[in-house]
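Everything on this sheet refers to the single structure shown next.
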Amino acid sequence: MIVIPKDVRKELGLEEGDILELRVEGDSIILRRQDLWEELRRRGQGLKVDLDEAERELDEAEETWLERRGP
């Protein structure tokens, strides 16, 4: 377990639940806050998505779920 002092957490804006990336560089340990939204945007840059089609698929899935659920 690694404990980060309160004053350091406050200075960096770290909050409970934040995800940290840990890497080793030479004889040092580097901790960096991982921004999951930034990572998702980076990974999704090359994707081609038809938002209208995706919305239709979600609507159809919701209708199917509601039908299965019954009255």
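Miscellaneous remarks
- Between 0 and 90 degrees, the angle of helix 51-69 with respect to the longest Cα principal axis of the chain falls at about 70 degrees.
- Were the residues from residue 32 through residue 51 laid out at 0.36 nm apart, the gain over their Cα-Cα distance would be 3.5 nm.
- Taking each DSSP H run with n ≥ 4 as -39500 (n - 2.57) and averaging over every residue of the chain yields -15000 deg cm²/dmol at 222 nm.
- Sequence-separation-based contact order of the stretch 6-69, relative, with Cα cut under 8 Å and 6+ spacing, percent: 17 percent
- Placing +1 on the Cβ of every Lys and Arg and -1 on the Cβ of every Asp and Glu, with nothing else charged, gives the chain a dipole about its Cα centre of roughly 480 debye.
- Positive end of the dipole of the chain (Cβ unit charges, origin at the Cα centre): among 64, 13, 40, the Cα lying farthest that way belongs to 13.
- When Cα Rg over 2.2 N^0.38 Å is calculated for this entry, the matching label among [x] 1.46; [y] 1.25; [z] 1.89 is [z].
Laboratory data are not the source of any read-out in this text; all were calculated from the coordinates shown. Owing to the predicted nature of the structure, the values given are computational and were not obtained by experimental measurement. FYI the Cβ positions are ideal-geometry reconstructions off the backbone, even for glycines, and counts take in every protein chain you see.
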